[in-house]
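Reading through the structure tokens given below for one structure.
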Amino acid sequence: WKIYSSAPFNLYVYGAARSRYHVGFTAKMVADFAAGKPTQMIIQGCEMIQRLSTAENVREWASQAAKAGTTMIDWWGTPRLQYPEVYREMLRISKLWKSLPALDIPERARIAVLFSDDSRAAAGDEALDAHYTLHALLGETLGAWFTFVSENNVRRKLQSLDGFELLVAPQLAYVSKEFSEEIVRRVEDGATLVVLDPDAFTWDIETGDLPDV
């Protein structure tokens, strides 16, 4: 999987609070949803929306991407002539990325943060504020290792809820009956479910209302 991530763009559109951990959050979500496939993060190394990437910026963003499980790193922009100090730092980080041992990232987490495409769309959460907030609180603030688990990935058997002791659901209003029943089974087997959505388990666009759930 490959994704381009721009913290300055998020700063401009959504504000400072949403942009601070943007690269790490994006890298974490992409790496988790890739379900074992290699992931590449393309980090901004140039001027964008009148905001210039600094050497400190690219170092911080590369660090966030690395600790989220990104396997490859690349740069967007060629500041070799305009901003040589940024370019030198990009080269230095690229060289280190090749030679340093990979981080000892846990293979399994006990915490799952659930993601539903339908629920996100229904909430109009374009910036993924709900999931970003959990990333900032659980990961950056508490230092707890967790995994983003996608409803569609579970239904396609690319991810599962096996082994998770804590399930956190920021948005689950529009969700499939199949995934809802899978969550219920996990709770009956001993997992703890934290629901942050007062309208959770309301509607399945394929089958309709979910009164039983």
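Tell me, which residue of segment 202-213 that is open to solvent by 50 Å² or more (accessible area, probe 1.4 Å) and part of a loop (DSSP other than H, G, I, E, B) is modelled with the highest pLDDT?
Pass one, segment 202-213, residues open to solvent by 50 Å² or more (accessible area, probe 1.4 Å): 202-203, 205-207, 209, 211-213.
Subsequent filtering for residues that are part of a loop (DSSP other than H, G, I, E, B) retains 202, 205-207, 211-213.
Numbers: THR202: 95, ILE205: 91, GLU206: 91, THR207: 91, PRO211: 89, ASP212: 88, VAL213: 88.
The selected residue is THR202.
So in segment 143-201, with the set limited to residues that are farther than 25 Å from ILE105 by Cβ, charged (D, E, K, R) and part of a helix (DSSP H, G or I), which one is most open to solvent (accessible area, probe 1.4 Å)?
So, considering only residues that are farther than 25 Å from ILE105 by Cβ, charged (D, E, K, R) and part of a helix (DSSP H, G or I), the one most open to solvent (accessible area, probe 1.4 Å) is GLU188.
What residue, of GLY77, GLY69, GLY15, GLY36, is farther than 23 Å from LEU128 by Cα and out of contact with any His (no Cβ under 6 Å at 6 or more places or on another chain)? Quick ask: steps written out before the conclusion?
Numbers: GLY69 fails: farther than 23 Å from LEU128 by Cα; GLY15 fails: farther than 23 Å from LEU128 by Cα; GLY36 fails: farther than 23 Å from LEU128 by Cα.
Among GLY77, GLY69, GLY15, GLY36, only GLY77 is farther than 23 Å from LEU128 by Cα and out of contact with any His (no Cβ under 6 Å at 6 or more places or on another chain).
List pairs: first residue in segment 93-104 and under 14 Å from SER63 (Cβ atoms), second residue at pLDDT below 95 anywhere in the structure, Cβ distance under 7 angstrom, at least six positions apart or on different chains.
Within 7 Å, the pairs are ILE93/VAL58; ILE93/ARG59; ILE93/ALA62; SER94/ILE73; TRP97/ILE73; LEU103/ALA66; LEU103/LYS67.
In the list ALA109, ALA122, which residue meets the criterion of being of a type in the set (A, V, I, L, M, F, W, C), modelled with pLDDT of 90 or more, more than 29 Å from SER53 (Cβ to Cβ) and in a helix (DSSP H, G or I)?
ALA122
List the residue pairs whose Cβ atoms are under 7 Å apart, where the first residue sits in segment 72-91 and is open to solvent by 60 Å² or more (accessible area, probe 1.4 Å), the second is assigned to a helix (DSSP H, G or I), and the two are 6 or more positions apart or on different chains.
If the second residue must be assigned to a helix (DSSP H, G or I), the pairs left are ARG80/TYR87; GLU85/ALA55.
For SER53, all conditions in the list (1) of a type in the set (Ser, Thr, Tyr); (2) open to solvent by 10 Å² or more (accessible area, probe 1.4 Å); (3) closer than 28 Å to HIS131 by Cα hold save one; what is the number of the exception?
(2)
The values are calculated or read from the model by the stated rules, or taken from the named source; none is laboratory data. For clarity, every value in this text was computed on a predicted model and none was experimentally measured. In this analysis, Cβ positions are derived from the backbone assuming ideal geometry, glycine residues included, and neighbour counts consider all displayed protein chains. The area values use the complete protein model at the heavy-atom level, side chains included, leaving out ligands, DNA and RNA. Shrake-Rupley method; radii C 1.70, N 1.55, O 1.52, S 1.80 Å.
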